[in-house]
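Q: Would you mind keeping the following structure in view while I ask a few things?
The values are calculated or read from the model by the stated rules, or taken from the named source; none is laboratory data. Everything quoted here is computed from the prediction, not taken from an experiment. Here Cβ is always computed from backbone atoms with ideal geometry, including for glycine, and neighbour counts include all displayed protein chains. Just the protein is used for accessible areas: all its heavy atoms, side chains included, with ligands, DNA and RNA removed. Shrake-Rupley method; radii C 1.70, N 1.55, O 1.52, S 1.80 Å.
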Amino acid sequence: MDKTYQPANIETRWYQEWEEKGYFAPSGEGQPYSIMIPPPNVTGSLHMGHGFQEAIMDALIRYHRMKGCNTLWQVGTDHAGIATQMVVERQLEVQGVSRHDLGREAFIEKVWDWKAESGGTITRQLRRLGSSLDWSRERFTMDPGLSAAVQEVFIQLYKEGLIYRGQRLVNWDPALHTAISDLEVISEEEQGHLWHFKYPLSNGEGHLVVATTRPETMLGDTAVAVHPEDERYAHLVGQTIDLPLTGRQIPIIADDYVDRDFGTGCVKITPAHDFNDYAMGQRHGLDMINILTDDANLNDEVPEKYRGMERFAARKAVVDDLDAIGLLDKVEDHTLKVPRGDRSGVVIEPYLTNQWYVDAKTLAKPAIEAVENGDIQFVPKNWENTYFAWMRDIQDWCISRQLWWGHRIPAWYDDAGNIYVGEDEASVRADNNLGDDIALRQDEDVLDTWFSSALWTFSTLGWPEDTEDLATFHPSSVLVTGFDIIFFWVARMIMMTVHFRKEVPFHTVYVHGLVRDSHGAKMSKSKGNVLDPIDLIDGIDLESLVTKRTAGMMQPKLAKKIEKQTRKEFADGIAAYGTDALRFTYYSLASTGRDIKFDVGRIEGFRNFCNKLWNAARYVLMNCEEQDCASDHDNYELGLADRWIISRLQETEAEVEKAIANYRFDLASQAIYDFVWNEYCDWYLELSKPVLWDDNASDAAKTGTRRTLIRVLEATLRMAHPLMPFITEEIWQKVASLAGQFGSTIMTQAYPECDDKRIDTFANADIEWLKGVIVGIRNIRGEMNIAPGKELEVLLRNGDDNDKNRLDQNEQYLKKLAKLSSIRFLNEDETAPVASAALVGDLEILVPMAGLIDKYAELARLAKEIDKLENDVKRVEGKLGNSSFVDRAPAEVVAKERDKLASQQQALEKLRQQQQELQKL
RNA sequence: AGGACUAUAGCUCAGUUGGUUAGAGCGCUACCUUGACAUGGUAGAGGUCCCCAGUUCGAAUCUGGGUAGUCCUACCA
C-alpha cells in the first residue's frame, strides 16, 4: 500500500468493477427495500445538493443491501420541460433561429439530439459519487413506458371529472409564452411607485381618487370599488365614472374586500389582469377586458394610441397622459411584491386563457389522510405541518403548458369546440363515432413536468402494467428530498399514487436541509459561489475555477467581482479530496437543521480521516500479513486491550445502527470517526505494540492481538462501507481473508451488528483506569516541559488492591505508552521523594521532580488544579447544603452528589498536602 | 398578515426522557520526524449555553415574554 491515501487511484476502478459485476441490481432475496431517485434533469449537471442527496440515499441503499435486503435503487432522469426547452432555444438563438422557424417537429428533434449529447453528463457524475444505482433499469420521464403511464393517468382523471379544461386567470409568463403554476411564481419585494389618479364622476360632480401600482391596467378597468360601509362614498355606489383615456363609463360598486384605510379607500378594478379583481368581477358580473397580448404588449382593446406598446412603455405613457390632463393626483414611493417567473425572471401577468386543471382539492383529501394516519411519516416530523398547511388550502393545479417539449395533452377538438380525450386520434374517433368528415385537431399544449414526476414511484416499475416489480418494490421505502420541493413533488406524488395505486408512494419522507456556501448563502451562478462536487473530488486549479465560475456571465462587472472573490477564497485552487472524503463530509453535515453550510475546510479533515484509516490498515497489514492471525483455529488468547476494543466495536455498531435508523448520518459518521481515530488508532494500535514487540509475550497473546487487529479492522470497514465505499473496499480486499472473511466484494458482506455478549464492562473500566494513569503522567510531562523522549521513574501511592492488580497486569502498557523506565508502588515505610502528582481516583501518581521539574512551575500547576477543584467542591457542597435538594431530589441523585463530594474533597486534600510539602523546600 | 425554524467555544455544529466537570471537528498556543500516519503525535488555552421572567430541590434542556436572523405561505390596490 502507498504511504499516503490516494483516492484517484482506486475510485473509478472499483466503481467499474461493481457495475460490471452487477452488484447494484436487486438480489432477489430478502425483505424488499427500495428508493426511487428524485430524477435529475436529463440535460443537467451535478450540484452540491445532488451530491448530498445521493450520498444519503447511497448510504441507505448500501446499508440495507448489506443487511440482506432485496435492494433496489431506481435510477432515472426527468425531461424537465421548461428548463430543457429554454436551453435548446438559447442554443438556436445563437444561430439566429427561433423554434418557430424550425417548427414543432424539427424543434423536438433538436431537443432529443441535445438530450443524447448531454444526457450522459449527470449519470456519469452520479457514478463518480459511488452511487450504487441499478443502471440496468434506468428510466426517463419521456420514454415510451412512462409516457404511457402519463396518458393513462390523464385519460382516467378526465373520465372521473378530476381533470377539466377551463378559462380563468392564470400566471402567464410573457417571455416563455406559457402558463405556469402558482408554485413557479416567485414573489419578492421590489421598489416601485403608487400612482394616485383622479377618476371623474360621470355626473360631473367631482372625482374619486384611486391608487395603483400598475397604471397601464387602468385601460382595462371595468369598475371602481369602495367598502359598503364607507360613509364617504356610500352615496356614490351605483353611479358611474368616466374612465379617462378610454371614453368608457364604469360603475362604482361596493365590496367588503376593499380596505377603507388604504389610500383613499377607492380601488380600480381590472378583472382580466388581477386575481382579486377577477374574483370581484365574478361576484359583481363585471365585464372582463383583456388588454394584453401573449407578449404582454397592449392589444386592440385599448385606444389606438397605446396599441402594440410594450407594457412598461404603456405605463409611462398612461401616467404622462393622465398628468397632462390634470388627473395625476400624486406619485408615492412604494415597496410591493413583484411576481416573477422562476425560470424566465420576467414579471408574470395574470392572464385570461384556456388551460387544463387538476381538481387538487379532491385528490388532496386521501393524501392528507395518508399522512394523518401515519402511513407516511415525515422525518423530521415538523415538516408534516408544512404539508398539511398547504394541502388543506390547495388550489387547483394548472397542468397545461404552452411548450413543445413534454407530454402532449391527449385531447382533440372538433370545429364546434367539443373536447375528446383518448389515447390517439383513431381511438377518439372510434369511441365517439366521429367520421372522417369531422376534422379533429390535437391540443397543442404539453403537461407540466411535475405531472409525470408525480407518477415516478410507480411508473418506473412498469405501471399501468401489473408487474412483479410493482408488487415487490412499491410502495418504496423512503423518499429522500429537500424541503423546497415538498409542494412541487412530494405532495403531488402522494395525491397521484394514493389515487391510482390505493397505496402510498413511500412510507417515509426524509427531508434534508439545503446545501449552502460557507456563509449560509444559497449557491448560485450569479453569486459565483457554486461548488462542483466533482471539483472537490478531483481538485481544480485556480485558473480553471475562475474560468468556470465566470463563464457565460452577461455582466462583466459581476464577472470581475466573482473572479476577485474566488481568487481570494481559493488562492491555491481546490485540492483533490476524493469521493469518500466528500461523502463523509456530507454525512457529518446531515443533522436536523434546514441549512447545510458547506465549508471546504471541513472536507480536508475528512480526507485526513481517510488517510488515518489507510495508515491504520498499513500498520495492521504490516503486522499480520504472513503471520498467524488465528483465522482458522482457536489457539490464541485475548488480552485486556483486545477485549476492550472488541467491546467498544460492539457499542459503536449499536450506535451507528441507531443513528441510521433515525436518519442521523451526522451521528453515524461521528461515531465511526470517533471509534476509528480516538479509540482504534489512538489507543488500541498503541496498546498492540507492547504485545507484538515484547519478546516475553506469549505466542498465544501475540496471535490474539493480531487476530483482534485484523478482525476489528475488517468489521470497521464493513461498518463504514455505506458511508465511504471506495476506501473500505480497497482495504477490505487486502484484509478480508486474514480476518477469515471471503467474498469478491465488501458490498455484499453482512453489515456488522452489535453482539451484547461481547460488551465487556470490566475491560472498559480497566482501560479507563489505564488511560487515566497514562494521561495523568503525560499531562505532567506536557505541562512541565519534560522532553518527550525522557524516560520517567514513576511511583504510585495510596492505591487499593484493584489498583495493584491493574498495575501488575498493565505494567508493560504503561511503560510503553507513558514512556517509563519503571513504575511501582511505594513501600509502606518508604518516604516519597519530592514529586509532581496526578490523581486517578484515590491513586496518587508521583513523578519525582529531581532534575526534571522546576519547583515554581509545579506549584503553579498545583495551584491551578486546586483552584479548579475548590470551585467544584464549593458547588457540590452548596447543593448538598440545600435541605430541599436533599429532601426532594431522588435518593440516587443525592448519593451520587455525596460520592462526588467525597472524592473531590479527598483529591483536594492530597493536592494541598503536596503543595505544602513543596513550599517547605 | 399567518406560520415554521434557528440562537451553545473564534468558525461549523452535537447535546437523547430536566441531575454531564457542557462535547466534537476546524482554527489557535507549546513541544515533538517516537519503527502506520507531519493528511501525524502529545499537552494546553478557549463557553454569562441570545436576554428577561417563571415552573422546579435542580434549567443549555420545560413554560411565557422579548431580541436577532433565516425561511415558507398568503397578499392591499
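Q: Sort A:Lys612, A:Lys689, A:Lys879 from largest to smallest accessible area, using a 1.4 Å probe on the heavy atoms of the protein chains.
A: From most exposed to least exposed: A:Lys879, A:Lys612, A:Lys689.
Q: Once you've got the Cα coordinates, tell me which of A:Lys868/A:Lys896; A:Lys874/A:Lys896; A:Lys757/A:Lys819; A:Lys790/A:Lys864 are over 27 Å apart.
A: A:Lys757/A:Lys819
Q: May I pose another question? Could you pull the accessible area for A:Leu558 with a 1.4 Å probe, rounded to 10 Å²?
A: Taking all protein chains as shown, A:Leu558 has close to 40 Å².
Q: Hey, another quick one. I want to make sure I understand the PRE zone here: with the label point 7 angstrom from the Cα of A:Trp135 toward its beta carbon, which residues in the range A:76-90 have backbone N atoms less than 16 Å away?
A: The answer is A:76-77, whose backbone nitrogens lie closer than 16 Å to the label point.
Q: Report the calculated FRET efficiency for A:His177 and A:His507 (r = Cβ-Cβ distance, R0 = 35 Å), to the nearest 0.05.
A: That pair, A:His177 with A:His507, gives E of 0.25.
Q: Continuing with this model, one more query. Roughly what % of DSSP beta bridges within chain A run antiparallel, to the nearest 5?
A: Bridges in chain A that DSSP calls antiparallel: roughly 70 percent.
Q: Still on this model: Excluding residues on the same chain fewer than 8 positions from A:Lys115, give the lysines whose Cα lies under 29 Å from its Cα.
A: Cα-Cα hits under 29 Å: A:Lys21, A:Lys522, A:Lys525, A:Lys527, A:Lys548.
Q: Calculate, for the range A:1-144, the solvent-accessible area per residue in square angstrom, rolling a 1.4 angstrom probe over the heavy atoms of the protein chains.
A: Computed with neighbouring chains in place, this is 41 Å² per residue.
Q: For the range A:1-140, state what percent of all Cα-Cα pairs lands in each successive 10 Å bin, counting from 0 Å until the bin that includes the largest distance.
A: Distribution as computed: 11, 33, 27, 18, 9, 2, 0 percent.
Q: Can I ask one more? With a cut-off of 8 Å between alpha carbons and a minimum separation of six or more residues, what is the relative contact order of the range A:793-921 in percent?
A: It rounds to 26 percent for the range A:793-921.
Q: What angle, in degrees between 0 and 90 and rounded to the nearest 10, separates the Cα long axis of helix A:11-21 from the longest principal axis of the Cα atoms of chain A?
A: On a 0 to 90 degree scale, this one is about 70.
Q: Next question, about the same structure. For A:Lys361, which lysines qualify as cross-link partners when the Cα separation must be under 20 Å and same-chain residues fewer than eight apart are set aside?
A: A:Lys159, A:Lys502
Q: How many times 2.2 N^0.38 Å is the alpha carbon radius of gyration of the range A:133-288?
A: Ratio of Rg to 2.2 N^0.38 Å for the range A:133-288: 1.50.
Q: Moving on. Working with all protein chains in place, sort A:Thr362, A:Thr141 by solvent-accessible area computed with a 1.4 Å probe, largest first.
A: A:Thr362, A:Thr141
Q: Still on this structure, please answer the following. Counting heavy atoms of the protein chains only and a 1.4 Å probe, report the per residue accessible area for the range A:587-723 as a whole number of Å².
A: 39
Q: Another question, then. From the alpha carbon gyration tensor of the range A:137-223, can you work out the equivalent ellipsoid semi-axes (sqrt of 5 times each eigenvalue) and give them in Å, largest to smallest?
A: For the range A:137-223, the ellipsoid semi-axes come out as 46, 19, 9 Å.
Q: Counting only helical runs of four or more DSSP H residues, what would the 222 nm mean residue ellipticity of chain A come to if each run contributes -39,500 (n - 2.57) and the total is spread over all its residues?
A: -14000 deg cm²/dmol
Q: Computed FRET efficiency, Cβ-Cβ of A:Val209 and A:Asn354, R0 41 Å: what is it to the nearest 0.05?
A: 0.65
Q: Still on this model: What does the accessible area of A:Leu921 come to, in Å² to the nearest 10, when a probe of 1.4 Å is used?
A: 110
Q: Within 10 Å of each candidate Cβ there may be at most 16 other Cβ atoms; applying that plus a DSSP loop requirement, which trypsin sites (Lys or Arg not before Pro) in the range A:446-550 survive?
A: Qualifying residues, ordered by number: A:Lys502, A:Lys525, A:Lys527.
Q: Rounded to a whole number of µm²/s, how large is the Stokes-Einstein D of the range A:378-437 at 25 °C and 0.890 mPa s, given Rh as the Kirkwood radius over C-alpha pairs?
A: 160
Q: Turning to a different aspect of this structure: How high is the relative contact order of chain A, given as a whole-number percent (alpha carbon pairs under 8 Å, six or more residues apart)?
A: 11
Q: As an exercise, identify the GluC sites (Glu not before Pro) in the range A:185-281 lying in DSSP coil whose Cβ has no more than 11 other Cβ atoms within 10 Å.
A: In loop regions of the range A:185-281 (DSSP not H, G, I, E or B), the sparsely surrounded GluC sites (Glu not before Pro) are A:Glu205, A:Glu229, A:Glu231.
Q: Something else: Using every alpha carbon pair in the range A:340-384, what percent of pairs falls into each 10 Å bin from 0 up to the bin containing the largest distance?
A: Result, from short to long distances: 20, 25, 26, 27, 2 percent.
Q: Can you compute the charge dipole magnitude of chain A about its Cα centre, using +1 on each Lys and Arg Cβ and -1 on each Asp and Glu Cβ, nothing else charged? Give it in debye, rounded to the nearest 20.
A: 2480
Q: Using only the alpha carbon atoms of the range A:806-921, find the Kirkwood hydrodynamic radius as the inverse mean reciprocal pair distance, in angstroms to one decimal.
A: 16.6
Q: Can you list the residues of the range A:672-703 with backbone N under 11 Å from a point 7 Å past the Cα of A:Asn779, pointing along Cα to Cβ?
A: none
Q: Let me ask something additional. Please report, for the Cα atoms of the range A:321-477, the Rg to one decimal and the Dmax as a whole number; what are they, in angstrom?
A: Spelled out, the Cα radius of gyration and Dmax of the range A:321-477 are 22.9, 76 Å.
Q: Relative contact order for the range A:130-252 using alpha-carbon pairs under 8 Å, separation at least 6, rounded to a whole percent?
A: Here the relative contact order equals 15 percent.
Q: For the residue pair A:Asp808 and A:Ala850, what label-to-label distance in nm results when each label sits 7 Å from Cα along the Cα-to-beta-carbon direction?
A: Placing both labels 7 Å along Cα→Cβ, they lie 2.9 nm apart.
Q: Using 10 Å bins from zero, what percent of all Cα-Cα pairs in chain A falls into each bin?
A: Histogram of Cα-Cα distances, whole percents per bin: 2, 9, 15, 17, 16, 13, 10, 8, 6, 3, 1, 0, 0.
Q: Right, another one. So, taking all protein chains as they sit and a 1.4 Å probe, how much accessible area belongs to A:Asp682, in Å² rounded to tens?
A: That residue has around 60 Å² of solvent-accessible surface.
Q: Something else about it: If A:His207, A:His227, A:His519 are ordered by their accessible area, calculated over protein heavy atoms with a 1.4 Å probe, which sequence runs from highest to lowest?
A: Result of the area sort, largest leading: A:His519, A:His207, A:His227.
Q: Percent of alpha carbon pairs in the range A:55-204 separated by more than 22 Å?
A: Result: 67 percent of Cα pairs exceed 22 Å.
Q: What's log10 of I(q)/I(0) for the range A:614-750 at q = 0.10, 0.18 Å⁻¹, Debye sum over Cα points only, no solvent?
A: The calculated log intensity ratios at q = 0.10, 0.18 Å⁻¹ are -0.31, -1.00.
Q: Here is a follow-up. In chain A, carbon and sulfur make up what percent of the accessible area (probe 1.4 Å)?
A: Here carbon and sulfur together make up 46 percent of the probe-accessible area.
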